[in-house]
Every structure is written in C-alpha cells, then in structure tokens.
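Reviewing the structure listed below.
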Amino acid sequence: MNNIDEQLQELVTANRILAREGVVDAYGHVSIRHPERPDRYILSQSRAPDLVDVADLMEYTLEGDPIDQQGRSMYTERPIHGGIYEARDDVLAVVHNHSPTVIPFSVTATPLRPMFHLAALTGPEVPVWDIRDNFGDTNLLVTTMEQGRDLARCLGGHRVSLMRGHGCVVAGKSIREVVMASVYLQVNAGLLLESLRLGEVKYLSPGEIESMTESQMRLTGQERAWEYWATRAGRANRVQGE
Ligand code: MN
C-alpha cells in the first residue's frame, strides 16, 4: 500500500473507532488533509461513520467542492473542515461530533477543562463558538464557508472548540491524535459532570497539561491505544504494519 492508501484505510478505521466509542452516532464526521495536495481534504460521503468504507471517501477543495462526486451525497457541514484547514496550516485531521456528554458544557458557563490526565490533549482552554453571535437564528448547522471560517476563528490555535447546543470540533496533526483527543474529551466531560456534583474540582495545571500532552503525542503510546480501539471496532487487520 502506498501512503495515500494507508491514510485512507486509517481514515476508515478512525470513522469506525469514533462510532464504537460512542463519540459519533448517525452524525458526526472525520477528515484528513490530502497527503499530497494540502489544498484539498478527504471526507466520507454523507453516511454514518460506522458504515464508512474506502469507496465512500471523497476529495474536496478547501471551499468544499467535490473533485469527483460520482453521484454521492455530501455532508452539509463540510465547511467545518474546509474552514479549519484553510485557517490552520498545521492541522492535518479534523473531527466534528455531537458527543452528548460534551454538549452540557457548550450551553452553560461551566468550562470544559481537563481534570483527567488522559484528557490533556484537550488543552488548557476550550473556546465555545455560538453560531447565533454572527448568524442569528439558524438550524445551527455549519453549511456555509462564512460560518466555517467563523468557527475556525473561534478555534484559533486551540485543539478543541465547543459549538453551542450542537457539539464540538477537534483539530490536530494526525488522525490518531484527533481520535484520541475526541475520545478523552468525552471521557473527561463525563468525569467532570460527576465530579462537579461532589464539590470543587481540581483541574490539571498548565504544566501538567503540557507534560502529559508530550507523553500522549509519543507514537508508542498512540499505537497502543490505536491497536486497542481498532480491534474493538473490528479493524484489527488494519492496524499499521499488518
Ligand atoms: Mn453537526
């Protein structure tokens, strides 16, 4: 397999993992920047992530125009991906999801910050984007590049931004990084909801976040998690090196 084929398989595995771990359901999506064409990204046709296969993957310009649509239907929210790739040269993968555990933090003043060590990739601060601020009453979906760019502005240099009453986006340098960050963002949100009921919460310090992020970016640690998640998602035979 060449690099692109491997990346496409990895993207399929990412779709299945996010579904298996309950981060996405019928909705939500994950994309990668095209490995050879940084002005394009790759995203499934409009389909539940657990059902996505290589034949579903489509190439898009950053504006969201398909290169070879072949009659396939498209996610209306693809401007989320284009807006972020356009604004952030460093971003090579993006997840958008509606994790029900995360959403309470998008509609209240309680910040979603990491308090659990494996959630360090969340970063010290998580902005909340509210589509209503600049676009008034909408169906909350990010369907135009103007909205995608507005969301990307709110994300800024962070890895995660919440979307009020809707979900979140997670942007990073690799598929494995954004999947890991998405899974543990959800786990941390659940733990935080439990902890807040008990009393004042001690969050990770900026130094702890930095130190743990370094550990989580090590490929050996990511490989261990990936092998586990891929196997649970029925993609054991697609783990790299096999
Ligand atoms: Mn959505």
TODO: Show that you can apply the helix-only estimate: for the chain, add -39,500 (n - 2.57) for every DSSP H stretch of four or more residues, divide by all residues, and state [θ] at 222 nm to the nearest 500.
DONE: -12500 deg cm²/dmol
- [ ] Assuming a ≥ b ≥ c are the square roots of the Cα gyration tensor eigenvalues, decide whether the range 91-154 counts as rounded (a/c under 1.5), prolate (otherwise, with a/b larger than b/c) or oblate.
- [x] prolate
TODO: Give me Rg over Rh for the chain, both radii from the alpha carbons and Rh done the Kirkwood way, two decimal places.
DONE: 0.95
- [ ] With N set to the residue count of the range 103-242, report its C-alpha Rg divided by 2.2 N^0.38 Å to two decimal places.
- [x] 1.14
- [ ] Determine, for LYS173, LYS202, the number of other Cβ atoms within 10 Å of each Cβ, and report the residues in order from fewest to most.
- [x] LYS202, LYS173
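On full extension of the chain, what length is gained from ASP50 through ASP89, given 0.36 nm per residue of separation minus the C-alpha to C-alpha distance? Kindly include the intermediate steps, with their values, before the conclusion.
Numbers: separation 39, 0.36 × 39 = 14.04 nm, distance 2.86 nm.
My answer for the length gained is 11.2 nm.
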TODO: Go through the range 201-210 residue by residue and turn each phi into a ³J(HN,Hα) via Karplus (6.51, -1.76, 1.60, θ = phi - 60°); whole Hz please, and just put x for glycine and proline.
DONE: 9, 8, 8, 5, 7, x, x, 5, 4, 5
Task: Spacing of the two label points (7 Å from each Cα toward its C-beta) at GLU227 and ASP65, in nm - done: 4.5
Task: Inter-label distance for ALA236 and ASN2, nm, one decimal - labels placed 7 Å from Cα along Cα-to-Cβ - done: 3.2
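Every number in this text was worked out from the coordinates using simple rules, so none of it is lab data. What you are looking at is a predicted structure, and each value in this text was computed from that prediction instead of being measured. Every residue, glycine among them, receives a Cβ derived from its backbone with ideal geometry; neighbour counts consider all protein chains shown.
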